[in-house]
Amino acid sequence: MFISFNIFATDIYNKIFYKPGLHMELYTDSMFLNFEYVFLSKYSYMNSSDLLKYVWAQDRTLIGGQMYVESNYYTHAISSSNAIGLLQLKPIVANDLGIDNLFDPIDNVTGATIYHSYLNKILQSEKSQIAAYYQGPNSVLKNGINSDGLNYYNKVKKAQKNYKNTQIYSPMLFGIKGNVSQNYLNLNTFTGLAYKTFEFYSTQNIELIKSNITKFNFNFGLLYFPKSNFALGTSTDNSFFLRTGYPWNQNIVSINNLKTLDSFYLNLENKNGLWLKLYINEFFNIITGFSVYDIKFGVLFNSNFRIGVYMSL
């Protein structure tokens, strides 16, 4: 009898927030080798000139140049300080400004425009306004522009001078994951992309036991995320999903046929490098560990009393 732990079947709905590039996960216990490769790419979403039509009361070339400095025109950029989107606004600032979804380019640019207007009103100069966007308004009011604020101002003004209409990019992903044991293989491939306030996914699964195909299916999923920290969706296997929290502290609940809890996924990351992943379906699985730069090391525990090791990069 084979009991494979496809540990993060639900976390496909979290991977859209990975940094662009190739990501790898390996985890193994006494019975299975589990692997996953995800390539997160970008696709052209819209022209920056079209997006900048939503800017008012500010020079559009200023906002266009600042987008290059902050995110290189990538809608799902997330900084180490948890600033989000094209113009790297923090959730607490977005909440104060009444902005719902920082991953939505229009919302993000609208929020940055409002914030710039607020900074200009209290600081009364463009230089202080731009420096305070990075340094913080309280710091500029109390201590004046420091070296970090001045450096940021110079970078933004240089980018403004060089700004030309360009492309805004959003994420798309391609991945493969599998569970391997003697005479057993469970293989999943998946794709996804974000568009405005929607995410689209497809998954394909095949299971082989002693070279015989015992399972083969396709599945498609759609998520609607009106807020940065809230999304809901459904898939063609009659599952319904609820995703809450920001990418660094996020949980995903899957309910089958709106009747039974199918799975629960939780991802927690601490700024000190500690992290935890919890996945519950018919089994209980937990991985916890620490990060060194972008490499994660961890230990896996599951309800079948198997202990394993985990690494991702």
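Relative contact order for the chain: what is it in percent, counting Cα pairs under 8 Å that are at least 6 residues apart?
17 percent
Based on Cβ point charges of +1 for Lys and Arg and -1 for Asp and Glu, what charge dipole magnitude is obtained for the chain about its Cα centre, in debye rounded to the nearest 20?
Value, rounded to 20: 720 debye.
Once you list every other residue whose beta carbon is under 13 Å from the beta carbon of Met46, what net charge do they have if Lys and Arg are +1 and Asp and Glu are -1?
+1
Test of understanding: in a Gaussian network model of the chain with alpha carbons linked when under 10 Å, which of Ala57, Ala77, Ala231 would top the mean-square fluctuation ranking?
Ala57
Keeping all protein chains in place, calculate the accessible area per residue for the range 1-120 (probe 1.4 angstrom), answer in Å².
Ligands and nucleic acids excluded, the figure is 38 Å² per residue.
Connecting C-alpha atoms closer than 10 Å in a GNM of the chain, tell me which of Phe264, Phe200, Phe218 has the biggest fluctuation.
Phe218
Just from its helices, what would the mean residue ellipticity at 222 nm be for the chain, if runs of 4 or more DSSP H residues each count -39500 (n - 2.57) and the sum is divided by every residue, rounded to the nearest 500 deg cm²/dmol?
-7000 deg cm²/dmol
Leaving out ligands, DNA and RNA, what percent of the accessible area of the chain is carbon and sulfur, probe 1.4 Å?
58 percent
With +1 on each Lys and Arg Cβ and -1 on each Asp and Glu Cβ, and nothing else charged, work out how big the dipole of the range 39-181 is about its Cα centre, in Debye to the nearest 20.
In total the dipole reaches around 420 debye.
Of the residues Ile92, Ile84, Ile176, which exhibits the maximal mean-square fluctuation in a Gaussian network model of the chain defined by a 10 Å Cα contact cut-off?
It is Ile92.
Mean separation of Cα pairs under 8 Å and 6+ residues apart, divided by the residue count of the range 31-188: what relative contact order is that in percent?
38 percent
If you find the alpha carbon centre of the range 187-213 and of the range 44-60, how far apart are they in angstrom?
35 Å
Size of the dipole of the range 196-313 about the Cα centre, Lys and Arg at +1 and Asp and Glu at -1 on the beta carbon, nothing else charged, in debye to 20?
100 debye
Sequence gap at least 6, Cα distance under 8 Å: using those rules, report the relative contact order of the range 119-197 to the nearest whole percent.
Computed over the range 119-197, the figure is 18 percent.
Calculate the length of the line joining the C-alpha centroid of the range 101-136 to that of the range 61-91, in whole Å.
Computed from Cα coordinates, the inter-centre distance equals 12 Å.
The values are calculated or read from the model by the stated rules, or taken from the named source; none is laboratory data. None of the values given here were measured: they were computed from a predicted structure. FYI the Cβ positions are ideal-geometry reconstructions off the backbone, even for glycines, and counts take in every protein chain you see. Only protein heavy atoms, including side chains, enter the accessible area calculation; ligands, DNA and RNA are left aside. Shrake-Rupley method; radii C 1.70, N 1.55, O 1.52, S 1.80 Å.
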